[in-house]
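What follows is one structure encoded as C-alpha cells, with my remarks underneath.
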Amino acid sequence: MDKSMANGVLIGGIVMVVMAAGAVADCNAATEPKFADVISVKEAKEKVTTPREVCENVQVQKQAPVKDENRIAGKVIGGVAGGLLGSTIGGGTGKTVATVAGAAAGAYAGNEVQKNAQQKDTVTTTEKRCKTVNETSEKLLGYDVTYRLDGKEGTVRMAYNPGKQIPVKDGQLMLNPPVPKK
C-alpha cells in the first residue's frame, strides 16, 4: 500500500471515529429528558395584617348647659312659697317664726328641686367615634413544587403553577412562566 493510500485510510478512520462520537452524543441528547415530572404543588402563602380605621356616629347624652348655676330661681320661688305657707300657721310672734322657718325650708326645697331638674335636663348629640381594626389576608408568594428528574426528587419555588411537568433545557429546570403565543 502506498503512502497516500495509508494516509487516506487513516484520515477516513479519524473522520469515522469523529462522526461516530457525534452520533453517540446526539443519541445521548435525544434520550435526555425534556421535562421533569411534577409530584406535588403547594401554594406558599404569607399572612398579611393591614390596619384600617372604622368610624361610626354614636348618639351621646350629656347634661344640658345650666343657665342658673346658683339656682336662684328655685331658692326665691321656694322661699316665697314656704314663707306664704308658714304665715298661715300660728299667730303673733309664732306667726313670724313660722313664716321665716317656712321661707328657709321653702328656699332649701326650691334649691333641691331646681338642682334635680337641672341634672335630668340632657341634650343628645351625635359624635363620630373611630377605632383601628386589623384585617388579616393571605398573600401568595409562589408555589413550592416537588419534582422528579433523572430518578431524583427535588423541590423548587416557582412563580406559577407548572402543571404536570417542568420544561428542562441542558439538564436545568426552566423556571420562567411560558410565554403565551399571539
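Some points to look at:
- Using the Cβ-Cβ distance between N57 and F35 with R0 set to 45 Å, the FRET efficiency works out to roughly 0.15.
- Rh by Kirkwood over Cα pairs, then Stokes-Einstein D for segment 65-120 at 0.692 mPa s and 37 °C, µm²/s: 290
- For K47 and L84, a Förster radius of 45 Å and the Cβ-Cβ distance give a FRET efficiency of 0.05, rounded to the nearest 0.05.
- Spatial offset of segment 51-73 relative to segment 156-182 amounts to 66 Å, using the alpha carbon center of each.
- Net charge contributed by nearby residues that have their C-beta within less than 13 Å of T155 (K/R +1, D/E -1): +2
Rule-based calculations on the coordinates, nothing more; no lab input. These numbers were taken from a predicted model, which means no experiment stands behind them. Don't worry about glycine lacking a Cβ; one is built from the backbone with ideal geometry, like all the others, and counts go over all protein chains shown.
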